[in-house]
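**Student:** Before I ask anything, here is the structure I am working with.
The values are calculated or read from the model by the stated rules, or taken from the named source; none is laboratory data. The model shown is predicted, which means the values in this text are computed figures rather than measured ones. No Cβ is skipped: glycine too gets one built from the backbone with ideal geometry, and neighbour counts run over all protein chains shown. Surface accessibility is based on the protein's heavy atoms, side chains included, excluding ligands, DNA and RNA. Shrake-Rupley method; radii C 1.70, N 1.55, O 1.52, S 1.80 Å.
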Amino acid sequence: GSPQRTNAEDGTQQPRSPLRTTEPPLYESTHFKSRKLMAEKLLGAWDEPKRYREKNQKITISSILAFRQALEFMDDLFPFSVTFGLANTREACIESSQEVYKRLLLHTPGTYLLPFSTIALAAIDENVNIEQKKLKQLRKLFIPDKEGFLTPLDFVKSVDGVYKSLRMLRASIQNSTQIDEAFERIFNAVFYLLLGCIVLSSLGFDPFSLFLSLSSIILSASFMIGSASAKYFEGILLIFARRPYDIGDRISLSDPKDNTDAGGSSAWFVENVNLYATTVRYATTNEVATYSNGSLASLRIINAKRSPLAIKFVNVKFGVDVPYSKVEIFKASVETFIKERPKEWVSMMAFRATRVEADLGYIEYKIVAQHVEGWQNIGPILNSTAELNQYCLEVSKQLGMRYSAPPLPVHLDLARQNLLQQLMSGNNNEASGDESAPSASKIGLAVPDGL
């Protein structure tokens, strides 16, 4: 009954090793790729840690000239070349990108959508070889659909994103120039003070005796501006050492001891930065505020611009009587919904039960999905999350998995007690002349004399 193998020397039959199975090894199987994907799915998602290292690169004259030339291109009327068209404003850039899309369609007559293969021609080098690095950058910029096509809106959105990044970079460089000039003035003041002391010493005067004569004034002034000077120095270290934000970044400020909101923190847009203060604009109401840099040094600063691939959570409730087979169908349907939208979602990271309430009759599940956008661009994230919530609701309706909360008992004694307390407080306010509070006479109720 056990499988046999033939000895090559004497031709006798020997039993096959029990460790050997009739199934071919994993690397010889035709289902190796699917098994690999399944193994990665079971193991879970994991990102390689980033290794940061300082670049000890020498700055040459040619690199400085190239940088200045790049700045001139940013201020030019045609930053994307004359062939692209006028792009000095956002409106002009959108109009030019639409014209470029129409011209690119001429390479593939008979189609109304632009194939990504046409854009991929830009990755071909002089030796007619495809540069894989450039091809990945193009795919990251122009994200095609599952069939490899780009709609006019997708093409214009990609170009618009590059235009925004270009303008933000130009504003950040200009702001950094202002900060460097302010820091240069501080160093000049210290330099000229030391130079004055050296000149006085060379002329035969003792500068230390002058400082000693002014010591009482300096000491009294130190008590007045000591804390302000410490805060100012902390602000300088924040801007030059930490550099937690740049112009245009979406930031959130909170106490380091407090927990952050899992749905995303309320944010401010950075509009201006100098050595003394930071000007921000509230993203919700468009209000403008100013923070001193010293007051921000002790806070936790969440930078949405430096937080790519936002993770969103969607909570759903199912009744305890819903069979687990329906839950598996619901999970597969949601995962398919996310996979069919590669321009919005990266993947569904988890689907797990997080809360079981047998008394209330429901089980709460949490869907964890990763978006392609970062927290800086929160608009598409909110829209995609709303569509995912709506889809989960529709699927739960079709599968008959909607949870209805049981009716809760009403405590009439407690409600009556609260009503009487409101009426009594209203009568007291009426006696004191406050007519805004409700009273028994205003609502047509009579309060017994014994109350």
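**Student:** For the stretch 333-373, what are the residues that are within 18 Å of the chain's Cα centre (by Cα) and under 17 Å from residue 317 (Cβ atoms)?
**Tutor:** 368
**Student:** Which pairs do you get when a residue that is touching a residue at least 12 places away in the same chain (Cβ under 8 Å) and within 18 Å of residue 373 (Cα to Cα), found in the stretch 241-255, comes within reach of a residue that is surrounded by 20 or more Cβ atoms within 10 Å (Cβ to Cβ) and among the small types (Gly, Ala, Ser), reach meaning Cβ atoms under 6 angstrom, with the pair 6+ apart or on two chains?
**Tutor:** Note: pairs meeting the criteria are 250/267; 250/304; 252/267.
**Student:** Based on what the data block shows, is residue 305 part of a strand (DSSP E or B), at negative phi, buried (at least 16 other Cβ atoms within 10 Å of the Cβ) and among the charged types (D, E, K, R)?
**Tutor:** no
**Student:** Out of the stretch 255-274, which residues are assigned to a strand (DSSP E or B) and open to solvent by less than 30 Å² (accessible area, probe 1.4 Å)?
**Tutor:** Within the stretch 255-274, 270, 273 meet the criteria.
**Student:** Scan (1) open to solvent by 80 Å² or more (accessible area, probe 1.4 Å); (2) part of a loop (DSSP other than H, G, I, E, B) for the single condition residue 237 breaks and write down its number.
**Tutor:** (2)
**Student:** Looking at residue 80 and the list (1) surrounded by fewer than 13 Cβ atoms within 10 Å (Cβ to Cβ); (2) closer than 28 Å to residue 174 by Cα; (3) out of contact with any Ser or Thr (no Cβ under 7 Å at 6 or more places or on another chain), which single condition is not satisfied?
**Tutor:** Failed condition: (1).
**Student:** Same structure, new question: Quick one: would you say residue 235 is touching a residue at least 40 places away in the same chain (Cβ under 8 Å) and touching a helix residue (DSSP H, G or I) at 6+ places or on another chain (Cβ under 9 Å)?
**Tutor:** So residue 235 fits the description; yes.
**Student:** Still on this structure, I have one more. Need the failing condition index for residue 322 against (1) in a loop (DSSP other than H, G, I, E, B); (2) modelled with pLDDT of 90 or more; (3) open to solvent by 50 Å² or more (accessible area, probe 1.4 Å), just the number.
**Tutor:** With respect to (1) in a loop (DSSP other than H, G, I, E, B); (2) modelled with pLDDT of 90 or more; (3) open to solvent by 50 Å² or more (accessible area, probe 1.4 Å), residue 322 is out only on (3).
**Student:** Give the residue that is modelled with the lowest pLDDT, with candidates limited to residues of the stretch 135-149 that are assigned to a helix (DSSP H, G or I) and open to solvent by 80 Å² or more (accessible area, probe 1.4 Å).
**Tutor:** Among those that are assigned to a helix (DSSP H, G or I) and open to solvent by 80 Å² or more (accessible area, probe 1.4 Å), it is 140.
**Student:** Here's a follow-up. Looking at the structure I just gave you, is residue 87 open to solvent by less than 90 Å² (accessible area, probe 1.4 Å), closer than 26 Å to residue 380 by Cβ and in contact with a Cys (Cβ under 6 Å, 6 or more places away or on another chain)?
**Tutor:** So residue 87 passes the test.
**Student:** From (1) at pLDDT below 90; (2) open to solvent by 90 Å² or more (accessible area, probe 1.4 Å), pick out the condition that doesn't hold for residue 356.
**Tutor:** Here residue 356 clears every test but (1).
**Student:** Looking at (1) open to solvent by 100 Å² or more (accessible area, probe 1.4 Å); (2) touching a helix residue (DSSP H, G or I) at 6+ places or on another chain (Cβ under 7 Å); (3) of a type in the set (A, V, I, L, M, F, W, C), can you tell me which one residue 128 breaks?
**Tutor:** If we test residue 128 against (1) open to solvent by 100 Å² or more (accessible area, probe 1.4 Å); (2) touching a helix residue (DSSP H, G or I) at 6+ places or on another chain (Cβ under 7 Å); (3) of a type in the set (A, V, I, L, M, F, W, C), just (2) comes out false.
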